[in-house]
Structure formats: C-alpha cells, structure tokens
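Quick note: the coordinates plus some simple rules give every number you see, no bench work behind them. Note that the coordinates shown come from a computational prediction; the quantities given were computed from them, not determined experimentally. Neighbour counts are summed over all protein chains in view; Cβ atoms, including those assigned to glycine, are modelled from backbone coordinates with ideal geometry.
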Amino acid sequence: MSPEASKEGNDLVVVANRLPVDFTTDDDGSISWRRSPGGLVTALEPVMQSAEGAWVGWGGAADVYADPFEADGMTLVPVTLNEDEIEQYYEGFANDTLWPLYHDVISQPAFHRQWWDAYRRVNRRFAEAAAAQAGTGGTVWVQDYQLQLVPAMLRELRPDLRIGFFDHIPFPPYEIFSQLPWRRQVVEGLLGADLIGFQRNGDAANFLRIVRRLTRHSTRGQQITFEDGEGRPVREIRATAFPISIDSHRFDELARQDSTRARAAEIRTELGDPEIVMLGVDRLDYTKGIRHRIKAYGELLDDGRLTVEEATLVQVASPSRENVDAYQELREQVETAVGRINGEFGELGHAAIHYLHHSYPPEEMAALYLAADVMLVTSLRDGMNLVAKEYIAARSDQQGALVLSEFTGAADELSGALLVNPHDIDELKSVIEQAARMEPKEQRRRMRRLRRKVMADDVAKWSSSFLRTLEEMPVSPVAPELQ
Ligand code: G6P
C-alpha cells in the first residue's frame, strides 16, 4: 500500500517488534494465535484496548502472511518476517548485538555486518507498514530497541506525522554504546522522532550525551535542536524519562477475587505448607540475575540460615529467545544449579527450588504473587521490571516483602523495597534473610508505601503523559537533516 492510501487511516499507530499475540500454524494448516510474552506487551495491551488505533508488529513465526485483524479489542497489523530475517534481525542484531550491548555487556555482543543489513531492511518494512496505517497528521508511536531506525525512515515517508519513540530497555553510556559499528546510524534513526522516551533519567542523560558526541546538534536540558546552515533552529526534539507501569487496578482486582485467593492457598499446600515462600518470576534471560539469586539461596541453605522445611523458592522462568546461544547456555547453568541444590538439600515433600520453565496466565500469576512471602527481583540490569510492580499491585493485603535490585528502573521509583546489589552475594543473602524474617507490621509499613506509588502511577498514566507530551511538541516544518 502506498503512503497516499492512508488518508483515512488511523489517528494512532503503535509499532512494536511483536504483536501482543503469537501465531501458530495448526495441524490442518490454519493459523491461530495466543498471547505473547514480555513487559512491552504487558504494558501496551491495555493502552491499545482503550484507544482507537492499530498495532503494527510481527506475529512471532516465519512467513505468516495475514491481513489486519481484530483481537481482544485491538486492530492488529501483522508484519511478515522470513526465517533468515528472524535469525539475522531478531535473534541476531536485536538480541545478540543490541540487547547485550544495552544491558551493560553482561554477555558479549556480536557485531555482524549481515545482521545490520537485515536490521535495516526489516526496520524499513515496519516503517512502510506504519506509513500505510497512519492517517494524515496522525501519531505513530514506535517501541523499543528492535526498531530504532523506524522513526527517521517514517519521517522521510510521512513528514506529516507526529512520531514518538519509547525505549523499554536501558540506554547505555557513550563508553559502551560507542562500540557499535553503526552507532551514528542508530542515533540518527532515533532522531527522526519528535519525542524520545526512556525509563529513567539516567537513560535520557546517556542518550543526550551521545547526541552531543556523535552529531552536530546542540542540546539544552532535554531539548535537542537541529539548525540550518546559518545556525537558525529548524527542529526541536525532546528526550526525557517516562517510567512505564502496569495496569495496576486490573491486577489488584484479579488478586482480590475469591478464586485467586483460593488458588493461592492451594499453591501453598501444594508446596508442602512451608512457612516462607520465596518467588522469582522472569523470562529466562541472563540480565535477570537468576543464577545470582539461586546461588545466594543455596548458600543460605548450606549455612543453615534457612532450611527446606521452613522455606522454599519457586522460580518461574518463562522460555525466551531459545535459538540464541547465550540463552541456551544460561538455561543449562540455571538447570544445573537447580538440580544440584535440590539434590543436596531437598527432602521428600520439601523441594528446595520449584523450577517452572513455563509462562502462566495473569490469573495464575496473581495467585503466585499472593502465595509469596518474599518476591525476588535481582536483575543485573533491567529497563524497569514490571514483575516488581505486579507483585505490589497484587498485595492489597499489604503483606509480603520485595527484594529489588538497584540496577532496575523500578529501584528509582519504589522506595519501600529492600534494595540490593545482586553481584554482592553476601549482601544478597542478608537481604533475602531479612525479607524472609520481616515482621508483618514492617511488611505492612513498606507495602503501603509501595502500593501508593504503583496504584497511582499506572500504565494509563504512562501512555497518556507520553502521548500528551508528544502532542504538545511543535510540528517540524522540514524533513530532518540527519548528517
Ligand atoms: C523485553 C523487551 C521487549 C520484548 C520482551 C520479550 O521486555 O523490552 O521488547 O518484546 O522483552 O522478548 P521477545 O524477544 O520474546 O520479544
């Protein structure tokens, strides 16, 4: 479809690598879909359900050609990727180059020119799909690190649009970002947006510093100014923090339901009625600090500071990016550690760690949160971490203790959590023990504070404040000069 075809298109188009659903081809060749994983989908789904607009994204499988369709109150517009593109753009450049680079190089990023070519090619396809969906003068909101070139590509195709970009993951400091052979192109791609949002002030500050180092645009506070040859300002962009959240009220309500409470009690019985249930919920990703958490817990058992009769750890590790080597290695390391600790400390009827390599629907998650006395979020680096916020939203009983890594975006916001440096295993052990032994009164005091924040700052507030700020940006009269 040509961009002209869009005259009667949507006022709001969200563009994300993933649709909120994954396609699967059934035995009879028909295509069906189910919910897809991750924080981005969790955050954007309620936004799109309450807005009139389209969501452009990939359906999670190769070579699926499908027309736009309605699902769960949203218009979904599938973008097709072939197997090579999945390998080079998604598993390669997005998740084996950018993901580790933007997460403190916890895993070594791989730089391959072919992957970069695929990234550019696929970003162009997303830009074209968005251009075809957006109505004249409409708003397009591009999401996350997989699509950083889309803003500039889209501006070239459709200078009439307002373009926003939100980075869901950390934005690294110049010293790390500058390793990227295509660093200038990525910055220029982002600068096609009118408003660039980040999780934390520190991420926005990193980006602004990178703009100063790598381009000739000037910055003042959050403002980036493009100038013409005579030094006259021709375009203004803003880069600032919009910490993301969850649909807090939905989670709160879900967790208040009798069926959820009954399921929570049942889970505790199934676990052998331990005094202390500890819980970790993550995609199986090396950024999440799962190994550190398991190591600390194993040492607490070894020291006799906790026993399997009194405490158990439930670790939900949902499958993620399973074709990427670093993820396969992590899975082996985690499963070896779980097996060793269970073999050494487990007893009949008392497993040390209940390891679940699945993902679960929100109803079951709410019950798990309610069943957990201690929630462990020990990421080595994390854009925000919505699991921490879900746990809080589920605890209207004002019980439970949250152990939270200081390297999450959430740590900037959630005073009331027990903050920890997960690299410091001794400190992690003490903080886990402190959480496990916390008096109900202290739990209530902290949880009340945490809930005030999470219940007030929900995802609807996040998206409306981003979109309002975008609407208030001056429309730039000229196409960007990006060199
Ligand atoms: C993080 C990223 C999202 C991504 C999600 C799941 O939350 O910020 O962009 O969708 O992980 O990862 P996946 O690779 O399965 O889409």
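Annotations for the structure displayed:
- Matching residues in region 138-163 - criterion: being in a strand (DSSP E or B) and away from the ligand (no atom under 16 Å from the Cβ): GLY138, THR139, VAL140, ARG162, ILE163
- Residue that is out of contact with any strand residue (DSSP E or B) (no Cβ under 7 Å at 6 or more places or on another chain) and either within 16 Å of the ligand (Cβ to nearest atom) or over 24 Å from ARG35 (Cβ atoms) (or both), where the choices are ALA393, ALA351, ALA337, ALA367: ALA337
- In region 292-322, of all residues being hydroxyl-bearing (Ser, Thr, Tyr) and touching a strand residue (DSSP E or B) at 6+ places or on another chain (Cβ under 8 Å), the one that is surrounded by the fewest Cβ atoms within 10 Å (Cβ to Cβ) corresponds to SER318.
- For region 22-137, the helices (runs of 4 or more DSSP H) that sit wholly inside it and include 1 or more residues that are of a type in the set (Phe, Trp, Tyr) and in contact with a Pro (Cβ under 9 Å, 6 or more places away or on another chain) are 99-102, 113-133.
- With respect to (1) surrounded by fewer than 22 Cβ atoms within 10 Å (Cβ to Cβ); (2) within 22 Å of the chain's Cα centre (by Cα); (3) of a type in the set (A, V, I, L, M), the lone exception for VAL56 is condition (1).
- Qualifying helices (runs of 4 or more DSSP H) (wholly inside region 217-311; at least 3 residues being without any contact (Cβ under 8 Å) to a residue 24 or more places away in the chain and away from the ligand (no atom under 16 Å from the Cβ)): 258-270
- Any hit, region 91-103, residues being of a type in the set (Asp, Glu) and within 16 Å of the ligand (Cβ to nearest atom): yes
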